[in-house]
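Q: Structure incoming, see below.
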Amino acid sequence: MTGMDRVVKGGRVYVDGRLQNLDVWIKGRKIAGLGGGHQAEETIDGRGMIVLPGAIDIHVHFRDPGYTFKEDWETGSTSAAAGGVTAVVDQPNTNPPTVDGPSYRMKLEIAERRSVVDFCLNGGPGQVKRLAELGASAIGEIFTYDHGEEELRKILAETAKAGLLPTVHAEDPDVIRENSEPLRDGREPQLYSFARPNLAESKAIDSILGMTDRVHICHLSTSEGLDRLRAAKGRGKKVTCEVAPHHILFTKRDWRRQGTFLKMNPPLRDFRDRDALWEGLRKGEVDAIASDHAPHLPEEKRDEIWDAPPGVPGVETMLPLMLMAVRSNLISLDRVVDALSRRPAEIFGLSSKGRIGVGMDADLAIIDPRDACDIRADRLHSGAEWTPYEGRRALFPKITMIRGEVVFADGELLAKPGFGRNLPGPRLLKAEKRSEG
Ligand SMILES: NC(=O)N[C@@H](CC(=O)O)C(=O)O
Ligand SMILES: [Zn+2]
Ligand SMILES: [Zn+2]
């Protein structure tokens with residue numbers, strides 16, 4: 001039933017930077033009150049539970065349209081909901097790529113019909129103005145190795161003119177070429193980290209920072225890259241960045257265990273990079289954690305290192321693994337909530353999401369802290385049907401709620417495909433405000 005009054009009773013709720021014993025009173029889609037004494041038609045028992053704002057994953061590849069044999073909007077968004085993710089930003093490298101009006105409308109129609117979580121659609125470098133008018137949330141990810149300098153400058157200028165955020169995949173093509181060629185006869189998977197060394201990322205970040213004052217760096221993976229971004233922020237550049245779980249939970253050492261399954265771009269890095277990224281997350285220099293959920297089927301990943309497709313699934317395991325990192329004192333809860341909810345919402349202008357407060361969308365992840373379990377691929381929901389985190393301990397939410405409706409509970413999807421709503425980007429939002437007068 002929509003528009004129902006509900007109250008999440010007796011939980012420890014994350015409000016204003018800390019867990020507080022509060023009831024969360026929900027009227028329709030919004031949080032209507034925090035505190036005690038609310039009556040409602042339906043009570044959700046929150047006793048013993050931790051109630052967090054839903055996670056917002058600003059970097060997913062749901063592969064739909066075009067690669068639905070790997071993932072589609074229904075399997076990808078169900079996987080998100082099962083992992084406490086209540087909104088996603090989908091990348092344009094689908095088939096067709098989301099680079100113009102027709103392809104944007106095609107993906108929007110599919111997502112509106114099939115997604116069970118709220119979603120933003122990024123546009124790829126193409127008809128930037130048209131994409132902005134249609135509601136694209138940002139332009140990206142822009143792969144620096146796909147464009148020469150002149151073309152990159154043009155894309156960045158058009159993106160700024162359209163009032164959109166550029167999000168960039170920073171790896172320098174010359175460094176990749178120079179380092180890959182001598183290694184191409186090798187077959188050991190770990191060569192891939194040497195083929196795309198840290199310098200590829202730091203050089204690409206340097207060149208992008210020389211072209212624009214406002215940019216979001218996707219899946220930052222190196223300590224040198226973090227140094228560049230810290231310096232740029234210090235010079236007043238509007239730079240934000242995200243880190244993917246695989247770059248803080250794995251290192252080059254893990255190649256020996258999972259081989260080409262751990263191939264992704266940028267590749268696995270050293271201990272010192274992993275430690276620098278954790279430090280950056282703890283200090284808030286890294287703004288967000290984003291999964292870069294990039295599903296490929298196991299049979300695709302079982303190939304030569306130079307031929308296997310890059311990317312690993314991660315949307316469903318991201319929040320559960322970060323909650324275990326809190327439990328192991330690797331990071332505080334407030335840094336995790338900030339990086340998974342508040343900052344992602346801010347970066348993408350989702351003003352009704354990202355935190356628990358009166359008037360905000362009732363997007364909640366309700367977790368029983370006693371419920372830790374081992375990650376098992378056969379209990380996950382992505383079309384990828386495998387996970388690089390098999391066997392690791394994780395804390396999955398008991399209940400995921402979006403705009404006041406219980407979407408996922410006790411391992412079951414309760415929402416219908418199409419429940420998810422498109423979150424319009426800044427240009428469309430402005431146009432809507434103008435038309436409301
Ligand atoms: N990260 C990856 O290794 N792969 C991503 C693309 C990307 O994010 O670069 C994919 O779409 O498969
Ligand atoms: Zn990327
Ligand atoms: Zn990506």
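Q: Inside the range 346-426, counting only strands (runs of 3 or more DSSP E) that do not spill past its ends, which hold 2 or more residues that are open to solvent by 20 Å² or more (accessible area, probe 1.4 Å) and farther than 23 Å from His61 by Cα? Steps first, answer last, please.
A: Details: elements: 364-367, 399-402, 405-409.
Because the criterion is at least 2 residues that are open to solvent by 20 Å² or more (accessible area, probe 1.4 Å) and farther than 23 Å from His61 by Cα, the strands (runs of 3 or more DSSP E) in the range 346-426 that meet it are 405-409.
Q: Output yes when any residue across the range 145-162 is more than 26 Å from the chain's Cα centre (by Cα), of a type in the set (Ser, Thr, Tyr) and open to solvent by 10 Å² or more (accessible area, probe 1.4 Å), and no when none is.
A: No - not one qualifying residue is present in the range 145-162.
Q: Follow-up question, since we're still on this one. Can you name every residue in the range 264-277 that is surrounded by fewer than 22 Cβ atoms within 10 Å (Cβ to Cβ) and within 16 Å of ligand 2 (Cβ to nearest atom)?
A: Passing the criteria: only Asn265.
Q: Count, please, the residues in the range 63-99 that happen to be open to solvent by 40 Å² or more (accessible area, probe 1.4 Å) and among the charged types (D, E, K, R).
A: Counting residues in the range 63-99 that are open to solvent by 40 Å² or more (accessible area, probe 1.4 Å) and among the charged types (D, E, K, R) gives 1.
Q: I'm trying to understand the selection: among the residues of the range 163-175, which are open to solvent by 10 Å² or more (accessible area, probe 1.4 Å) and under 18 Å from the mean Cα position of the chain (by Cα)? Give the steps one after another, and end with the answer.
A: From the range 163-175, those open to solvent by 10 Å² or more (accessible area, probe 1.4 Å) are 163, 165, 172-174; that's our starting set.
Selection gives Leu165 alone.
Q: Can you pull out every residue in the range 92-117 that is under 21 Å from the mean Cα position of the chain (by Cα) and closer than 19 Å to Gly140 by Cβ?
A: Pro92, Asn93, Thr94, Asn95, Pro97, Thr98, Val99, Tyr104, Lys107, Leu108, Ala111
Q: Specify the residue that is nearest to Leu199 (Cα to Cα); the eligible residues are those in the range 123-144 that are in a loop (DSSP other than H, G, I, E, B) and not small (Gly, Ala, Ser). Steps first, answer last, please.
A: Kept after step one, since they are in a loop (DSSP other than H, G, I, E, B), are these residues of the range 123-144: 124-127, 135-138.
Then drop every residue that is not not small (Gly, Ala, Ser), which leaves 125, 127.
Details: Pro125: 25, Gln127: 31 Å.
Per the criteria, the residue is Pro125.
Q: Here are Val337, Val326: which of them is among the aliphatic types (A, V, I, L, M) and in contact with a strand residue (DSSP E or B) (Cβ under 7 Å, 6 or more places away or on another chain)?
A: Of Val337, Val326, the one residue that is among the aliphatic types (A, V, I, L, M) and in contact with a strand residue (DSSP E or B) (Cβ under 7 Å, 6 or more places away or on another chain) is Val337.
Q: Still on this structure: Just one of (1) out of contact with any helix residue (DSSP H, G or I) (no Cβ under 7 Å at 6 or more places or on another chain); (2) open to solvent by 40 Å² or more (accessible area, probe 1.4 Å); (3) assigned to a helix (DSSP H, G or I); (4) in contact (Cβ under 8 Å) with a residue 12 or more places away in the chain trips up Ser341, so point out which.
A: Among (1) out of contact with any helix residue (DSSP H, G or I) (no Cβ under 7 Å at 6 or more places or on another chain); (2) open to solvent by 40 Å² or more (accessible area, probe 1.4 Å); (3) assigned to a helix (DSSP H, G or I); (4) in contact (Cβ under 8 Å) with a residue 12 or more places away in the chain, the lone unmet condition for Ser341 is (2).
Q: So, one more: When residues of the range 34-70 are filtered for being away from ligand 2 (no atom under 16 Å from the Cβ) and on the phi > 0 side of the Ramachandran plot, how many remain?
A: Here the count works out to 4.
Q: Taking Trp306 as meeting all but one of (1) of a type in the set (Phe, Trp, Tyr); (2) part of a loop (DSSP other than H, G, I, E, B); (3) under 22 Å from Asp378 (Cα atoms), write down the number of the exception.
A: (3)
Q: Name, by its number, the condition in (1) open to solvent by 10 Å² or more (accessible area, probe 1.4 Å); (2) away from ligand 1 (no atom under 16 Å from the Cβ); (3) farther than 24 Å from Leu229 by Cα; (4) not in a helix (DSSP H, G or I) that does not hold for Leu330.
A: (3)
Q: Please specify each residue of the range 278-291 satisfying the condition of being within 16 Å of ligand 3 (Cβ to nearest atom) and either open to solvent by 10 Å² or more (accessible area, probe 1.4 Å) or not in a loop (DSSP other than H, G, I, E, B) (or both).
A: Ala288, Ile289 - these are the residues of the range 278-291 that are within 16 Å of ligand 3 (Cβ to nearest atom) and either open to solvent by 10 Å² or more (accessible area, probe 1.4 Å) or not in a loop (DSSP other than H, G, I, E, B) (or both).
Q: In the range 232-270, how many are within 15 Å of ligand 1 (Cβ to nearest atom) and more than 25 Å from Pro298 (Cα to Cα)?
A: 2
Q: Condition test on Pro266, is it modelled with pLDDT of 95 or more, in contact with a Pro (Cβ under 8 Å, 6 or more places away or on another chain) and within 16 Å of ligand 3 (Cβ to nearest atom)? Reasoning before the result, please.
A: On the way: modelled with pLDDT of 95 or more: yes; in contact with a Pro (Cβ under 8 Å, 6 or more places away or on another chain): no; within 16 Å of ligand 3 (Cβ to nearest atom): yes.
No.
The values are calculated or read from the model by the stated rules, or taken from the named source; none is laboratory data. As the structure is a computational prediction, the values presented were derived from the model and not from experiment. All Cβ positions, glycine included, derive from the backbone under ideal geometry; neighbour counts span all protein chains shown. Calculation scope for accessible area: heavy atoms of the full protein, side chains included, ligands and nucleic acids excluded. Shrake-Rupley method; radii C 1.70, N 1.55, O 1.52, S 1.80 Å.
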